[in-house]
Amino acid sequence: MRATTVKQHIPAELRYSMRDFNIEFPDDSACLEYVKEQRWPDGMAPCAKCRKTTKHYRVGNRTAYACQFCGTHIYPLAGTIFEKSSTPLKTWFYAMYLMGSTRCGISAKQVQRETGVTYKTAWRMFKQIRSLLSEGDLQLEGPTVEVDETYVGGKRKYSRGRPMAGDKKLVPVVGIVQRDGKAIAKHVKNVKSKTLNGLIRKHVTPGSIVYTDEFNAYNTLSKGKRYVHRRIKHSSGIYVKGDIHTNSVEGLWSLIKRGISGVYHHVDPEYLQSYLNEFCFRYNRRHQGNPAV
């Protein structure tokens, strides 16, 4: 019987396995050296005392580097999420590797089991890491963009479809996805026309073709001819009509909802945006292999 070979969808040069991670970061010293190189390549850093850029060398087992002339110290971890943390630096890097390489995320409980830290420490680490994943005012340059809204939260016992105003179980999220490109997901207070159009104007380049469903809040999207607006009528059971569809943003919703329900189980609205940032961070780098964050 002939063995079948499973085709890898990630090119060889972009694959980054656990073995690769352990080779690159065998201990805390390697992690510290990496942080130092990111801030001051080759150890060339400005010395506060010498008033010039000089070579700095590691000071014993400390997280400090000393100027080669006067010995004044610099601290690579100062001002980072690692500062004043008693958690080993490799554990931080391992958590970032897992968060960046898993498709739907990884829970703090799983990191607790794998590393031996407490759940409180693992949760705090992930909270700190997520604070760095926001891409702020990311601009989607088109030319084709899909927009849709969804709701995240618990299940209602009665009724289906869009929740009524004041619903306490479901919170609205707006997604904007550039076809074959990047994505943005924002937790919003409501899905009124002013809110949706404001987000689109902020993140989508004028002149783009914007695809949506038939939700009434998009009625004024093409006003002023800023965008070319195309709609698909889901209520009529039509999901694709030529190049008119919202399948890309629906795919983003699939990743986010399966990640929240299957990995995190519950996300407080207060922290929802940071989780959305995490999912979009991975989505926007899906063609870059499995790098650590």
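The values are calculated or read from the model by the stated rules, or taken from the named source; none is laboratory data. This structure is a prediction, so every number in the text was calculated from the model and none was measured. Virtual Cβ from ideal backbone geometry, glycine too; neighbours counted across all protein chains shown.
Only a single criterion out of (1) in contact with a Lys or Arg (Cβ under 7 Å, 6 or more places away or on another chain); (2) more than 30 Å from PRO206 (Cβ to Cβ); (3) at pLDDT below 95 is not satisfied by LEU140, namely (2).
With respect to (1) closer than 28 Å to GLN128 by Cβ; (2) out of contact with any Ser or Thr (no Cβ under 6 Å at 6 or more places or on another chain); (3) in contact (Cβ under 8 Å) with a residue 12 or more places away in the chain; (4) not aromatic (Phe, Trp, Tyr), the lone exception for SER261 is condition (3).
Considering only residues in the stretch 215-244 that are surrounded by 12 or more Cβ atoms within 10 Å (Cβ to Cβ) and of a type in the set (Gly, Ala, Ser), the one that is modelled with the highest pLDDT turns out to be ALA217.
The set of residues in the stretch 253-274 that are among the charged types (D, E, K, R) and within 9 Å of CYS104 (Cβ to Cβ) contains only ARG258. Among the residues of the stretch 145-190, none is identified as more than 22 Å from SER261 (Cα to Cα), at pLDDT below 95 and not in a loop (DSSP other than H, G, I, E, B).
Within the stretch 40-63, the residues that satisfy the criterion of being part of a helix (DSSP H, G or I) and exposed (fewer than 14 other Cβ atoms within 10 Å of the Cβ) are PRO41, ASP42. Checking each residue in the stretch 98-124 for being in contact (Cβ under 8 Å) with a residue 40 or more places away in the chain and outside any loop (DSSP other than H, G, I, E, B) picks out MET99, GLY100, SER101. The residue of the stretch 233-249 that is nearest to ASN219 (Cα to Cα), among those that are assigned to a helix (DSSP H, G or I) and touching a strand residue (DSSP E or B) at 6+ places or on another chain (Cβ under 7 Å), is VAL249. For the stretch 217-232, a tally of residues being assigned to a helix (DSSP H, G or I) and within 30 Å of the chain's Cα centre (by Cα) returns 2. Would a scan of the stretch 117-135 turn up a residue that is under 15 Å from the mean Cα position of the chain (by Cα), at pLDDT below 90 and among the basic types (Lys, Arg)? No, the stretch 117-135 contains no residue that is under 15 Å from the mean Cα position of the chain (by Cα), at pLDDT below 90 and among the basic types (Lys, Arg). Among the conditions (1) in contact with a Lys or Arg (Cβ under 6 Å, 6 or more places away or on another chain); (2) surrounded by fewer than 16 Cβ atoms within 10 Å (Cβ to Cβ), the only one that TYR211 does not satisfy is (2).
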